[in-house]
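Every read-out reported here was derived from the displayed coordinates using simple, explicitly stated rules and does not represent laboratory data. Keep in mind the model is a prediction, meaning the values are calculated, not measured. Cβ: placed from backbone, ideal geometry, glycine included. Neighbour counts: every protein chain shown.
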Amino acid sequence: MDFEDFLKLLRALDQHAVQYVLVGGVALGVHGLVRATEDIDLFIRPEDGNVARLRRALQSIWDDREIERITVEDLAGEYPTIRYVPPAGTPVIDLLSRLGTEMRFEDLESQLVILEGVPVRVATPRTLYRMKKDTLRTIDRADAEALREKFGLEGD
């Protein structure tokens with residue numbers, strides 16, 4: 001993933017006042033736990049106005065009619081994850097609004113971090129740990145262990 005493309009996305013989200021929280025492998029990197037990842041995971045508040053702002057933010061970067069297919073109904077639906085792949089193929093962006101019945105946008109603890117002059121809303125280490133500790137994916141469990149060790153998250 002190209003860092004400049006990532007920053008361009010973050011700037012657009014900020015300029016269009018999109019309510020989001022950065023999660024996943026990229027969020028780990030922001031907290032100093034760098035590992036390879038192929039996508040950007042964004043938790044999105046699933047409300048009409050916010051999803052409309054999200055579409056405008058993406059359209060400010062990419063001229064792609066597929067962006068109009070991103071809807072609040074899908075994000076708030078039974079399978080609340082949308083994968084957006086820009087015309088050039090990168091960066092792949094996973095948009096989600098909840099993880100099963102365990103975590104919704106409203107349940108996320110986040111913090112504001114300035115990255116290369118761009119404000120970024122990123123999940124806290126505790127939230128990332130909660131998201132990853134009980135999944136089936138080996139990489140998530142390894143991420144949870146690294147978060148627990150680095151941030152002293154005993155008993156969480």
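Some observations on this one:
- Taking other C-beta atoms within 10 angstrom as a stand-in for reagent exposure, MET131, MET103 fall in the order MET103, MET131, fewest first.
- In straight-distance terms, cross-link reach from LYS150 covers every one of the lysines whose alpha-carbon lies under 17 Å from its own, apart from those fewer than eight places away in the same chain; here that gives LYS132, LYS133.
- DSSP-assigned coil residues among GluC sites (Glu not before Pro) in the range 42-149, each with at most 12 further Cβ atoms within 10 Å: GLU78, GLU102, GLU109, GLU116
- Per-residue Cβ neighbour rank within 10 angstrom, fewest leading, VAL18, VAL72, VAL85: VAL85, VAL72, VAL18
- Averaging 1/r over every pair of different alpha carbons in the range 3-144 and inverting the result gives a Kirkwood radius of 15.3 Å.
- What the Kirkwood sum gives for the range 1-70 is a hydrodynamic radius of 12.8 Å, with every pair of different alpha carbons counted.
- Beta bridge orientation in the chain: antiparallel %, DSSP, nearest 5: 75
- Ellipticity estimate at 222 nm from DSSP helix runs (n ≥ 4, -39,500 (n - 2.57)) divided over the chain, nearest 500: -11000 deg cm²/dmol
- Ascending count of other beta-carbon atoms within 10 Å, so fewest first, for THR37, THR127: THR37, THR127
- Cα gyration tensor shape for the range 57-135, rounded if a/c is under 1.5, else prolate or oblate: oblate
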